[in-house]
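Right, one structure below, let's go through it.
Quick note: the coordinates plus some simple rules give every number you see, no bench work behind them. This is a predicted model, so every value here is computed, not measured. Reconstructed Cβ throughout: ideal geometry from the backbone, glycine too, with neighbour counts over all protein chains shown.
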Ligand code: NG1
Ligand code: ZN
């Protein structure tokens with residue numbers, strides 16, 4: 001067949017380095033950009049097949065998120081804006097690792113196994129971040145799509161969540177929004193303006209926010225969005241990419257892991273600041289107090305703020321909808337205790353990785369999920385959205401209930417339900433703070449984080465560690481869990497766990513306890529037990 005000849009011909013321009021083995025992990029493929037050309041071409045092929053199979057538009061995003069500038073990566077986006085299924089992650093790995101002469105047989109085998117109708121048309125949306133390597137790597141993706149006769153739309157520079165949004169809009173015939181970046185800005189900014197326009201006494205302080213763009217795509221896109229916000233939110237943008245290096249000493253990952261302010265941001269005491277990561281799907285907030293102490297408001301604090309807000313609105317609306325918060329083992333113990341004991345919401349814990357949280361959140365009427373590192377969003381079930389719409393239209397409902405329903409409706413429009421989104425999360429947090437008349441300090445005071453420490457340990461083979469119970473306990477190697485249990489017992493309010501990283505060749509150690517000294521000591525002792 002002609003298309004297979006094209007594949008053979010074109011793949012010769014994107015040769016695979018012999019022996020190189022890479023795996024489609026929780027964050028897709030991610031490594032040094034120089035090793036990725038063949039991967040990109042092949043992901044173009046795979047996306048085309050996925051599109052034929054699902055009879056829908058598929059997304060391909062070229063980014064390595066918070067990794068250094070020299071790295072790059074690629075992720076596939078399924079029709080409703082979700083991550084691809086585990087079976088297709090497996091195909092991605094198979095296709096990526098086939099040696100040059102094995103590419104065609106692997107491709108044909110996949111087509112047979114999935115019974116793909118090659119006559120079906122295919123549509124692929126491609127997006128890229130601001131890395132130097134992204135331009136040529138995204139061209140390699142498009143080469144792959146063309147080789148199999150698929151139609152390709154080059155969306156150019158977009159954030160990861162923008163690409164997810166575009167794919168979802170395209171496949172739902174505009175019901176989720178208009179499938180353009182302008183449509184994205186309009187949807188979010190209109191919802192934000194609706195939510196904040198009647199808030200009494202909103203001060204200039206509340207309308208101003210410092211944003212660290214991590215010298216990446218988020219900086220570019222947030223300044224595009226600002227004009228749509230009509231001065232209802234005024235952003236002071238730092239690390240906008242004009243001079244600094246991507247993710248270097250800045251961005252959400254740096255701030256969360258280092259627990260300190262990024263380079264290049266001029267913060268005065270009490271000012272509200274936030275940091276995006278390199279593809280703008282993560283956000284953390286922070287401020288410094290009058291004693292110059294740094295205060296971080298991470299994904300757990302964000303989840304708590306949003307769930308308090310939504311729970312109160314549901315009460316005002318008199319709607320009986322089940323609300324749950326999904327976390328991972330990295331969630332601070334204080335946040336879990338607060339959510340369960342004080343707020344009395346359901347809390348679920350899943351394995352690390354967005355897809356696990358996303359799936360768990362889908363089981364509830366309203367599922368709020370956030371990783372401690374600031375990746376997260378809120379999912380509303382169809383039923384929940386319908387009940388909210390109905391109430392907003394119900395002429396017999398009293399004013400308070402209707403107002404709450406309208407607020408919920410606008411809140412839904414403000415949220416990017418396809419994936420965690422720094423810009424959408426930022427607007428939601430800003431709207432909630434405005435509506436509740438809260439300062440960042442008041443938000444921070446909802447509960448106090450337990451001091452904690454994260455360490456990385458290099459081992460010969462991290463795969464010898466096997467975990468259970470949402471990665472909170474180890475089952476292998478023998479004796480390790482018992483050793484951790486004994487160490488944890490030495491400290492007050494302590495908890496610790498270890499797990500092999502899915503994105504780096506390390507074992508991650510997490511510990512929390514009543515004091516920073518204890519958390520540090522426990523993390524250190526547990527890391528010795530791992531060796
Ligand atoms: P690993 O390397 O598996 O710990 C990290 C983050 C995840 C998620 C993924 C994907 C931590 C502890 N882990 O996973 O939350 O963001 O990368 O990028 O932050
Ligand atoms: Zn990211």
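Does region 388-531 classify as rounded, prolate or oblate by the C-alpha gyration tensor (a ≥ b ≥ c root eigenvalues; a/c under 1.5 gives rounded; else a/b over b/c gives prolate, otherwise oblate)?
Since a/c reaches 1.5 and a/b is larger than b/c, the shape of region 388-531 is classed as prolate.
With a Cα-only, solvent-free Debye model of region 1-76, what are the log10 I(q)/I(0) values at q = 0.12, 0.25 Å⁻¹?
Debye intensities relative to I(0), on a log10 scale: -0.37, -1.23.
Counting DSSP beta bridges in the chain, what percent are antiparallel, to the nearest 5?
The antiparallel fraction comes to roughly 60 percent.
Which part of region 199-240 falls in the paramagnetic zone of residue 268, meaning amide N under 11 Å from the point 7 Å along Cα-to-beta-carbon?
Under 11 Å, as judged by backbone N against the label point of residue 268, lie 205 of region 199-240.
Label residue 346 and residue 482 with points 7 Å out from Cα along Cα→Cβ: what is the distance between them in nm?
Using points 7 Å along Cα→Cβ, the separation is 3.7 nm.
In Å, what Rg and Dmax follow from the Cα atoms of region 33-97?
Over region 33-97's Cα set, Rg and Dmax evaluate to 11.9, 36 Å.
Work out how much length residue 172 to residue 458 would gain on full extension: take 0.36 nm times their residue separation and subtract the Cα-Cα distance, in nm to one decimal.
98.4 nm
If R0 is 30 Å, what FRET efficiency do you get for residue 505 and residue 135 from their C-beta distance, rounded to 0.05?
Taking R0 as 30 Å, the efficiency between residue 505 and residue 135 is 0.60.
Just to be sure I understand the model, the point goes 7 Å from the Cα along the line to the Cβ. What's the resulting residue 290 to residue 489 distance in nm?
Spacing of the two 7 Å Cα→Cβ label points: 4.6 nm.
Would you mind computing the Rg to Rh ratio of region 223-381 from its alpha-carbon coordinates, Kirkwood style for Rh?
My calculation of the ratio gives 1.00.
Please report the antiparallel percentage of the DSSP beta bridges confined to region 183-297, to the nearest 5.
50
What percentage of all Cα-Cα pairs in region 2-157 are separated by more than 25 Å?
18
Report the full-extension gain for the segment residue 245 to residue 359: residue separation times 0.36 nm, less the Cα-Cα distance, to one decimal in nm.
Between residue 245 and residue 359, full extension yields 37.6 nm more.
Which ordering of 130, 315 is given by a fewest-first count of other beta-carbon atoms within 10 Å?
Going from least to most buried by this count: 315, 130.
Between rounded, prolate and oblate, where does region 452-530 land on the alpha carbon gyration tensor, with a ≥ b ≥ c its root eigenvalues, rounded for a/c under 1.5, else prolate if a/b exceeds b/c?
prolate
Within region 290-324, name every residue whose backbone N is under 12 Å away from a label modeled 7 Å from Cα of residue 383 along the Cβ vector.
320-323
Please state the relative contact order of region 452-530 as a whole percent: Cα pairs under 8 Å, 6+ residues apart?
Relative contact order, region 452-530: 38 percent.
Taking every pair of distinct Cα atoms and averaging 1/r, then inverting, what Kirkwood hydrodynamic radius in Å comes out for the chain?
24.1
So, in nm, how far is label residue 114 from label residue 100 when the simple model puts each one 7 Å beyond its Cα toward the Cβ?
2.6
Beyond 23 Å, what share of the Cα-Cα pairs of region 355-452 remains, rounded to the nearest whole percent?
37
Roughly how many whole Å is it from the C-alpha centroid of region 62-87 to that of region 310-351?
Here the answer is 28 Å between Cα centres.
Taking Cα centroids, how far is region 1-33 from region 433-473 in Å?
Cα centroid to Cα centroid, the span is 36 Å.
Report relative contact order for the chain in percent, whole number only (criteria: Cα-Cα under 8 Å, sequence separation at least 6).
Computed over the chain, the figure is 12 percent.
Taking every Cα atom in region 183-297, find the radius of gyration and the maximum pairwise distance Dmax, and write them in Å.
Every Cα atom of region 183-297 included, Rg and Dmax give 14.3, 43 Å.
Relative contact order, percent, of region 183-297 when contacts are C-alpha pairs under 8 Å separated by at least 6 residues?
Once divided by the residue count of region 183-297, the mean separation gives 26 percent.
Return the FRET efficiency for the residue pair residue 157, residue 186: r is the Cβ-Cβ distance, R0 is 25 Å, and the value is rounded to the nearest 0.05.
E between residue 157 and residue 186, to the nearest 0.05, is 0.85.
Between residue 524 and residue 315, how high is the FRET efficiency from 1/(1 + (r/R0)^6) when r is the Cβ-Cβ distance and R₀ = 45 Å? Nearest 0.05.
Once rounded, the FRET efficiency stands at 0.50.
Measuring from centroid to centroid over Cα atoms, what is the spacing of region 138-170 and region 239-301 in Å?
30
Ranking 337, 42, 131, 453 by Cβ neighbours within 10 Å, fewest first, what do you get?
Ascending number of Cβ neighbours within 10 Å: 337, 453, 131, 42.
Where both partners of a DSSP beta bridge lie in region 2-157, what percent of those bridges are antiparallel, to the nearest 5?
Approximately 50 percent, going by the DSSP bridge assignments.
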